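The values are calculated or read from the model by the stated rules, or taken from the named source; none is laboratory data. Just so it is clear, the structure is predicted and the values come from calculations on it, not from any experiment. Positions of Cβ are backbone-derived with ideal geometry, glycine not excepted, and every protein chain shown enters the neighbour counts. What goes into the accessible areas is simple: the full protein's heavy atoms, side chains included, and nothing from ligands, DNA or RNA. Shrake-Rupley method; radii C 1.70, N 1.55, O 1.52, S 1.80 Å.
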Amino acid sequence: MDEALSKLTKSGKPLLVCGDFNVNILESFSPTINLLSLFKSHNLLNLFMEPTRITPTTSTCIDNIFMDIIPCYKSIINK
């Protein structure tokens with residue numbers, strides 16, 4: 001992933017990486033720290049720091065969007 005991000009960030013074009021990383025970034029565990037550090041090392045910031053999956057017993061943020069531009073608007077709609 002690091003090698004791919006290096007190539008993509010060198011293009012000079014805006015970069016958006018999104019997906020279900022199965023790492024809950026609301027927790028401070030090693031996988032979370034490693035994932036956030038990887039993206040931060042390529043100047044990619046996480047768009048959401050609130051739950052993206054909510055159930056009656058849990059709430060997690062495992063569906064993530066990382067980008068190197070600042071959005072003018074963001075919102076998570078939970079129905």
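Values for this structure:
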| read-out | value |
| --- | --- |
| The stretch 27-46, subset part of a loop (DSSP other than H, G, I, E, B) and open to solvent by less than 70 Å² (accessible area, probe 1.4 Å), residue nearest to Leu8 (Cα to Cα) | His42 |
| Qualifying residues in the stretch 47-66 (those that are in a strand (DSSP E or B) and touching a Leu at 6+ places or on another chain (Cβ under 7 Å)) - the one nearest to Lys10 (Cα to Cα) | Phe66 |
| Selection count, the stretch 1-25, where residues are in contact with a helix residue (DSSP H, G or I) (Cβ under 9 Å, 6 or more places away or on another chain) and surrounded by fewer than 15 Cβ atoms within 10 Å (Cβ to Cβ) | 3 |
| Test: Leu5 is within 15 Å of Ile65 (Cα to Cα) and touching a Lys or Arg at 6+ places or on another chain (Cβ under 9 Å) | no |
